[in-house]
Structure formats: structure tokens, C-alpha cells
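To keep things clear, I will list the structure first and then write my remarks on it.
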Amino acid sequence: MNTWIEIRTRLPEREKPVWLFEKDRVFIGLRVDVPEEDEPWSEDWRWAECYVFWDGEKWTIDDVFFTDPNPTHWAPLTPAPPA
């Protein structure tokens with residue numbers, strides 16, 4: 001079953017970590033809200049890469065860094081395996 005979703009078809013929820021596919025790499029990233037005064041040339045969000053950890057119930061964002069990725073597809077993160 002293919003779980004990859006084209007970004008031009010549907011965007012993931014904001015501030016929710018997902019798998020992102022860009023050209024020849026896969027990484028965890030998210031849509032981050034950006035105040036309009038900080039990025040007047042863009043929409044009110046942008047892509048960012050992130051590190052996440054499993055808190056026992058959900059993936060929690062540990063660190064976000066802006067590398068200006070340009071992903072074409074995304075997929076939801078599955079829960080972590082049992083410890």
C-alpha cells in the first residue's frame with residue numbers, strides 16, 4: 001500500500017511531523033507557522049526539517065531547523081514500536 005501523498009494534492013496538518021520526500025531523500029519535517037511580517041514574500045507557513053522523539057503516546061518535536069526543503073510528497077509517521 002502506497003501511503004505517500006502528493007503535496008499538490010493535499011498538505012499535511014500544520015505543526016505535525018510527517019515523512020517528507022524530496023528528490024532523492026526522505027526526512028522528517030513539518031509545516032511551520034511563520035508570522036507574515038517575518039516572511040512577507042511567502043504564505044503564512046513554510047517547510048522545516050525536525051527531530052522528533054516518541055513520548056509514549058505521540059511524536060513530539062525536539063528541534064526544528066530551516067533548510068528550505070522543497071518536498072513533493074509526504075506520509076504520516078506511524079507510532080513507535082513497543083519498548
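The values are calculated or read from the model by the stated rules, or taken from the named source; none is laboratory data. Being a predicted model, the structure only gives us computed values, none of them experimental. Don't worry about glycine lacking a Cβ; one is built from the backbone with ideal geometry, like all the others, and counts go over all protein chains shown.
Just a few scattered comments:
- Of all the residues in the stretch 59-83, those that are in a loop (DSSP other than H, G, I, E, B), within 20 Å of LEU11 (Cβ to Cβ) and not acidic (Asp, Glu) number 8.
- Number of positions in the stretch 71-83 that are within 11 Å of the chain's Cα centre (by Cα) and within 14 Å of GLU22 (Cβ to Cβ): 4
- Given (1) modelled with pLDDT of 85 or more; (2) surrounded by 10 or more Cβ atoms within 10 Å (Cβ to Cβ), number of the condition SER42 does not satisfy: (1)
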